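The values are calculated or read from the model by the stated rules, or taken from the named source; none is laboratory data. All figures in this text were calculated on a predicted structure; none of them were measured in a lab. Neighbour counts run over all protein chains shown; Cβ positions are idealised from the backbone, glycine included. For the accessible areas, the whole protein counts, side chains as well, though only heavy atoms, and no ligand, DNA or RNA atoms are used. Shrake-Rupley method; radii C 1.70, N 1.55, O 1.52, S 1.80 Å.
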Amino acid sequence: IIGKEKNPYNQAKLIYNYMIEHFQLEKRVRSGNISVLDLIAKKSGDAYDFTIVYAALCRASGIPAVPMGGILVENNSTAVSHWWCEIYFENYGWFPVDIALGKGLSFNAFTPVENPKEYYFGNLDSQHIAFSRGWNQIKTSLLNTKTVYRPRTYALQSIWEESSNSTSSYSSLWNTPAIIGIY
């Protein structure tokens, strides 16, 4: 993808453009027994797949990259789980890349972006709220506990719930955070 390009910015842009041109974006978040590698095999994936593969390709090129997990707040105050990336350039700092929005993921923005492909390579709007930066490997608090993992949701973490082994039953409900006001 990057050929003989040595400049990290140009490498990241080549990877971004390649993914936008060669892969189809699924509008809905995939569920079930799935792998991000399906994006490469099937040439199609969701925003999560695009983010994880983009971060991996940047890292493979020597560019530090961190996937971000959070929500997008739409102009009608609804929130949807969403993922984007930050890449690091020496003497510059962390640089945001939202490849799914750059690809044209449908989104109700407060202010429409004229050229999403160009804008979301280096910019984010104020409608992104991050809940996790990178994958958070959470350790159990006790031995022999029961844990629950929630894939492809607004926080990238290994454990969402934990109960002691002696707990016979309980119930819980996890939803995407609700927006109750915009100030």
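Rounded to the nearest 0.05, what FRET efficiency is calculated for S77 and R150 with R0 set to 25 Å and r the Cβ-Cβ distance?
Computed FRET efficiency for S77 and R150 comes out at 0.60.
On average, how much accessible surface per residue is there in the chain, in Å², for a 1.4 Å probe, leaving out ligands, DNA and RNA?
58
How long are the three semi-axes of the equivalent ellipsoid for the range 25-131, computed from the Cα gyration tensor as the root of 5 times each eigenvalue, in whole Å, largest first?
Semi-axis lengths for the range 25-131 are 21, 19, 12 Å.
Are there trypsin sites (Lys or Arg not before Pro) in the range 103-183 that DSSP puts in a loop and that have at most 16 other Cβ atoms within 10 Å, and which ones?
Sparse-neighbourhood loop trypsin sites (Lys or Arg not before Pro): K139.
So between N165 and V113, what do we pick up on full extension, going 0.36 nm a residue minus the alpha carbon distance?
13.7 nm
What do you get for trypsin sites (Lys or Arg not before Pro) in the range 1-49 restricted to DSSP loop and a cutoff of at most 15 other Cβ within 10 Å of the site's Cβ?
Hits after loop and neighbour filter: K4, K6, K27, R28, K43.
Could you state the number of Å between the C-alpha centres of the range 1-76 and the range 89-138?
The distance from the Cα centre of the range 89-138 to that of the range 1-76 comes to 12 Å.
Under 30 Å between alpha carbons: how many lysine pairs meet that in the chain, if sequence neighbours fewer than 8 apart on the same chain are excluded?
Number of lysine pairs found: 23.
Do any chymotrypsin sites (Phe, Trp or Tyr not before Pro) in the range 127-161 lie in a loop, going by DSSP, with at most 11 other beta-carbon atoms within 10 Å of their beta carbon, and if so which?
When the chymotrypsin sites (Phe, Trp or Tyr not before Pro) of the range 127-161 are filtered for loop state and at most 11 Cβ neighbours within 10 Å, Y149 remain.
Of the chain, which part is the longest with no GluC sites (Glu not before Pro) in a loop (DSSP not H, G, I, E, B) and with at most 12 other C-beta atoms within 10 angstrom?
Looking at the chain, 1-89 is the longest stretch - no exposed GluC sites (Glu not before Pro) with at most 12 other Cβ atoms within 10 Å.
With a 10 Å cut-off between alpha carbons and a GNM built on the chain, which of S35, S44, S132 moves the most?
S35
List the residues whose amide H sits under 5 Å from the amide H of M68, counting only those 5 or more places along or on another chain, with H placed 1.01 Å from N in the peptide plane.
It is W84, C85, E86, G134, by chain and number.
Under a GNM of the chain (C-alpha, springs under 10 Å), which listed residue has the highest mean-square fluctuation: I159, I52, I99?
Judging by the Gaussian network model, the answer is I159.
What list of ³J(HN,Hα) couplings, whole Hz, do you get for the range 166-172 from phi and the Karplus terms 6.51, -1.76, 1.60, once you set θ to phi - 60° and write x for glycine and proline?
Per residue, the Karplus-derived 3J(HN,Hα) values read 7, 6, 7, 6, 6, 9, 8 Hz.
Over the range 27-86, what number does the Rg to Rh ratio reach, with both radii from the alpha-carbon atoms and Rh per Kirkwood?
Reported Rg/Rh (Cα atoms, Kirkwood Rh): 1.02.
What label, among (1) 28, 19, 15; (2) 30, 21, 16; (3) 39, 21, 14, belongs to semi-axes √(5λ) of the Cα gyration tensor in Å computed from the structure on display?
(2)
When only C-alpha pairs under 8 Å and at least 6 residues apart count, what is the relative contact order of the chain, in percent?
For the chain, the relative contact order is 19 percent.
With a 1.4 Å probe and all protein chains in place, put Y18, Y92 in order of accessible area, largest first.
Heavy-atom accessible area, descending, gives Y92, Y18.
Among L142, L173, L14, which one shows the highest mean-square fluctuation when the chain is modelled as a Gaussian network with alpha-carbon springs under 10 Å?
Looking only at L142, L173, L14, the largest GNM fluctuation is found for L173.
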